[in-house]
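The values are calculated or read from the model by the stated rules, or taken from the named source; none is laboratory data. For clarity, every value in this text was computed on a predicted model and none was experimentally measured. Neighbour counts are summed over all protein chains in view; Cβ atoms, including those assigned to glycine, are modelled from backbone coordinates with ideal geometry.
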Amino acid sequence: AEPYNHRAVEQKWRQKWEENPINVNDGKKPKYYCLDMFPYPSGSGLHVGHWRGYVISDVWSRYKMLQGYYLIHPMGWDAFGLPAENYAIKMGTHPKITTASNIKNIKRQINEIAAIYDWDMEVNTTDPNFYKWTQWIFVKMFKAGLAYEKEMPINWCPSCKTGLANEEVVDGCCERCGSPVTKKNLKQWMLRITKYADRLLNDLDKLDWPEKVKKMQTEWIGKSYGAEVDFPVEGKDEKITVYTTRPDTLHGATFMVLAPEHAMAKELATDETREDVEKYIFNASMKSNVDRLQDKEKTGVFTGSYAINPLNGAKVPIWLSDYVLADYGTGAIMCVPAHDDRDFEFATKFNIPIIQVIAKDGKEIENMTEAYTEAAGTMINSGEWNGMESSVLKKEAPLMIEKMGIGKKTVNYKLRDWVFSRQRYWGEPIPIVHCPKCGAVPVPEEDLPLLLPEVEKYQPTGTGESPLADITEWVNTTCPCCGAPAKRETNTMPQWAGSSWYFLRYIDSKNNEELVNREKADKYLPVDMYIGGVEHAVLHLLYSRFYTKFLNDIGVIDFDEPFKKLFNQGMITGKNGIKMSKSKGNVVSPDDLVRDYGCDSLRIYELFVGPPELDSEWDDKGIEGVNRFLKRFWKLALDNKDKDVKATPELIKVRHKLVHDITNRLNTFSLNTVISGFMEYNNKLMELSKKGGVDKETLETYIILLAPFAPHVSEELWEQFGHTDSVFHATWPEYDEEAMKDDEIEIPVQINGKTKCTIAINPDGDKDEILAKAKEALGDKVNGTIRKEIYVPGRIVNLVVK
Ligand code: ANZ
Ligand code: ZN
């Protein structure tokens, strides 16, 4: 047989598939929608790390095709955003131009992967025909009361000169450039995602997603049950309400802390404390988020005022400290140093009494050295509550407090409304007109898209306004409502806007009348499998779920969760686990590897480097082994093709086991062990080939199983085996558990060379299992220490005992 020539084979099939697409919708097959997280078309192109996700999704897609589905497998571009804009600022080239040329280059590279994307469905978030609908959704949200304006201190990146969502601030720094984030008071467009908090939380139950991701979303939404308790201020006709998740510890509250921004902070100061209090408030306002977060040592100031614990009348000092956040709960807390770490630290530093109210084993601790934070134990020092179990009280206290009239039961969320304005150029203009009489008026739906105008300078102004504010002829307009002179909103949307709904558009990407035709949506949506990096576990996935629920509410689609199943792939890193990047000089380009070993080898190697959900280090050398494996299988298949070998019982058994192993490993996404499985079975078949040959059914089965992984090789062999239709129109093979059963054989078990008994084993079985079985059979015949355990496969077990 002729040797495997990857260049010839791959070229041939690339062309044939283009002439005769293999993924066809005959209207009868059920659909399967396999979605990749669409890329940002960056200037540096793809490296081997990017390949991984695309290979995984392509393998899964082709597997689904072989299972008889019509495949929806689209690709597009998340093309608004800062890098293109920053490049424009530097080079003066319009982002449209750089984006277009980057897309062209990446598209060429993606085609090298041989992924079967349906390019007819392609979308680009910067295409007016696409962002028309991004704007339309905003208008619909505005009309539904979900988009509103609010002046508030927002996260502000002084380097990118733009506001950021909470989600874009990582450890107090800008997610994009790493600069410390400060606060700036700006009028912002907000999306009321909090209205969906409960649905976003509860519906996680419906999803076949990694538990890790569900947990991250649950924590981000952060629903907690507790109570608001009113503490009267001594000598004043006022109350301070605190939020607590531990009302069971109310008797242990020995002080109270307010956020420095709390509305009552200043008026609580007395003549003696006023100067210190005002200084503390001022300093806190000057601190960046990073400083507030990173300050190890707790700071604070006593206001001079006291509050009264409404439960037992105890007088507690009121302090200010920046470890209490202004925008969570009520911005004020009751402090229980015996049972909360931060309060303990604070009380120790400022010499405030510590009263233990929960005893783990019924006893009070003499000198507490740390807080006891569990809600487990018996209540002490708690008046009528003494003797109760704290975990029970924790649940019952909110209602008890409500009945006593000193507070109420509450539910709290960490989730905040979504800051939706960006003071940048390269984004969707927010379709709103500000009229002096009518206020904020949406651009009429029939006037959408509101095109992003051309500007001369892309620089953010730094004043908190976007560069669009400088284009007076665009800004000045008339009110769609009353016709009076009015001004356009000049902020743009965040990059998340387009990616929150793009997956709906693919299936009807050219529709000018609707976001998506309802009939098509019912037929082809939602997404069955979503594949992408775990870095999107919170934001993108949460926003997409929110948009989907909203579009469901207004009747655009009939489902309220976008992605049924989710798979997060790990990263491919350079040596020592360092992220691949141009600046680190450790980027491996796929182009040379494709040239030298072929696309099929690279695809398989991408999967072979390690479990797909974990990060894996890249090492070029390994690809040779993969390439050798393909060459061997090629030779095995062609050597046996015309031999007309009869399927022996052994061959039949191997075939069923092969199907079983590959299918089950594939179903659990254990893709690296699928590849090692292929290699092991190839070795096994090579042995059998030497003995008497391998039958056609076994070889064809192997070829079909291999097809999702090495599509070109498989397609070529399939043709050489005499098939005229594509291997992808074959059916995924099935296995029969009965046919896989091994016949057991008897082997002798010896101690120091003398046979003591026999055991029945599976000759292909696991060595450790067989040795264990032998030792069990020997029982107390072993007297001494086992020095060596020998197993000659299928023949004998011998233990060396001394
Ligand atoms: C008294 C108490 C005693 C508390 C105890 C905890 C342990 P989660 O679960 O995150 O909702 N807290 C409330 N508002 C706060 C704010 N604005 N800034 C900082 N901390 C705040 O946590 C709620 C708990 O965090 C509340 O329960 C409160 O402290 C604190 F042994 O109240 B706790
Ligand atoms: Zn008006």
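Numbers for the structure displayed
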quantity: Qualifying residue in segment 342-351 (condition: more than 11 Å from ligand 1 (Cβ to nearest atom) and part of a loop (DSSP other than H, G, I, E, B)); calculated: yes
quantity: First in segment 398-410 and part of a helix (DSSP H, G or I), second anywhere and among the polar types (S, T, N, Q), Cβ under 9 Å, 6 or more apart; calculated: Pro398/Thr410
quantity: Neighbours by Cβ (under 9 Å, 6+ apart or cross-chain): first from segment 703-724, surrounded by fewer than 24 Cβ atoms within 10 Å (Cβ to Cβ); second part of a loop (DSSP other than H, G, I, E, B) and among the acidic types (Asp, Glu); calculated: Trp718/Asp725
quantity: Qualifying residue in segment 725-739 (condition: farther than 30 Å from Lys16 by Cα, surrounded by 15 or more Cβ atoms within 10 Å (Cβ to Cβ) and modelled with pLDDT of 95 or more); calculated: yes
quantity: All positions within segment 69-102 that are aliphatic (A, V, I, L, M) and either closer than 22 Å to Pro453 by Cβ or at pLDDT below 95 (or both); calculated: Ala79, Leu82, Ala84, Ala88, Ile89, Met91, Ile97, Ala100
quantity: Filter pass, Ile354 being assigned by TED's automatic domain parsing to the domain that holds Thr303, more than 13 Å from ligand 1 (Cβ to nearest atom) and over 15 Å from Asp248 (Cβ atoms); calculated: no
quantity: Residue among Glu228, Glu261 that alone is at pLDDT 90 or above, surrounded by 15 or more Cβ atoms within 10 Å (Cβ to Cβ) and either of a type in the set (Phe, Trp, Tyr) or assigned to a strand (DSSP E or B) (or both); calculated: Glu228
quantity: Of all residues making up segment 700-724, the number that are under 22 Å from Trp60 (Cα atoms) and not in a loop (DSSP other than H, G, I, E, B); calculated: 15
quantity: Hey, Lys215 modelled with pLDDT of 95 or more, exposed (fewer than 15 other Cβ atoms within 10 Å of the Cβ) and among the basic types (Lys, Arg) or not; calculated: yes
quantity: Top-ranked residue of segment 197-231 - restricted to ones that are under 37 Å from the mean Cα position of the chain (by Cα) and β-branched (Val, Ile, Thr), ranked as nearest to ligand 2 (Cβ to nearest atom); calculated: Ile221
quantity: Lone unmet requirement of (1) without any contact (Cβ under 8 Å) to a residue 40 or more places away in the chain; (2) within 22 Å of Asn512 (Cβ to Cβ); (3) of a type in the set (Lys, Arg) for Lys132; calculated: (1)
quantity: Flag if Glu278 is under 26 Å from Glu238 (Cα atoms), modelled with pLDDT under 95 and surrounded by 14 or more Cβ atoms within 10 Å (Cβ to Cβ); calculated: no
quantity: Any hit, segment 232-243, residues being assigned to a loop (DSSP other than H, G, I, E, B) and within 43 Å of the chain's Cα centre (by Cα); calculated: no
quantity: Residue in segment 305-324 that is away from ligand 2 (no atom under 16 Å from the Cβ), without any contact (Cβ under 8 Å) to a residue 12 or more places away in the chain and assigned to a loop (DSSP other than H, G, I, E, B) present; calculated: yes
quantity: Unique match (being of a type in the set (Phe, Trp, Tyr), farther than 22 Å from His73 by Cα and under 22 Å from the mean Cα position of the chain (by Cα)) among Phe559, Phe563, Phe546; calculated: Phe546
quantity: Failed condition for Leu250, given (1) modelled with pLDDT of 95 or more; (2) within 30 Å of Lys394 (Cα to Cα); (3) in a loop (DSSP other than H, G, I, E, B); calculated: (3)
quantity: Whichever residue in segment 367-389 is within 21 Å of Ala314 (Cβ to Cβ) and of a type in the set (Gly, Ala, Ser) and, among such residues, is surrounded by the most Cβ atoms within 10 Å (Cβ to Cβ); calculated: Ser382
quantity: Filtered residues of segment 495-538 (kept if farther than 15 Å from Phe38 by Cβ, in a helix (DSSP H, G or I) and not hydroxyl-bearing (Ser, Thr, Tyr)); calculated: Asp508, Arg518, Glu519, Lys520, Ala521, Asp522, Lys523, Val534
quantity: Qualifying residue in segment 479-491 (condition: under 28 Å from Leu542 (Cα atoms), at pLDDT 95 or above and not aromatic (Phe, Trp, Tyr)); calculated: yes
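Yes/no matrix, rows are residues, columns are (1) in contact (Cβ under 8 Å) with a residue 12 or more places away in the chain; (2) under 24 Å from Gly533 (Cα atoms):
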position: Asn5; (1), (2): no, no
position: Asn20; (1), (2): yes, no
position: Asp36; (1), (2): yes, yes
position: Leu46; (1), (2): yes, yes
position: Arg52; (1), (2): yes, yes
position: Val59; (1), (2): yes, yes
position: Tyr69; (1), (2): yes, no
position: Thr93; (1), (2): no, no
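Yes/no matrix, rows are residues, columns are (1) more than 16 Å from ligand 2 (Cβ to nearest atom); (2) under 19 Å from Thr125 (Cβ atoms); (3) touching a strand residue (DSSP E or B) at 6+ places or on another chain (Cβ under 6 Å); (4) at pLDDT below 85:
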| residue | (1), (2), (3), (4) |
| --- | --- |
| Cys435 | no, no, yes, no |
| Ala440 | no, no, yes, no |
| Glu446 | yes, no, no, no |
| Leu451 | yes, yes, no, no |
| Glu456 | yes, no, no, yes |
| Thr461 | yes, no, no, yes |
| Gly464 | yes, no, yes, yes |
| Trp474 | yes, no, no, no |
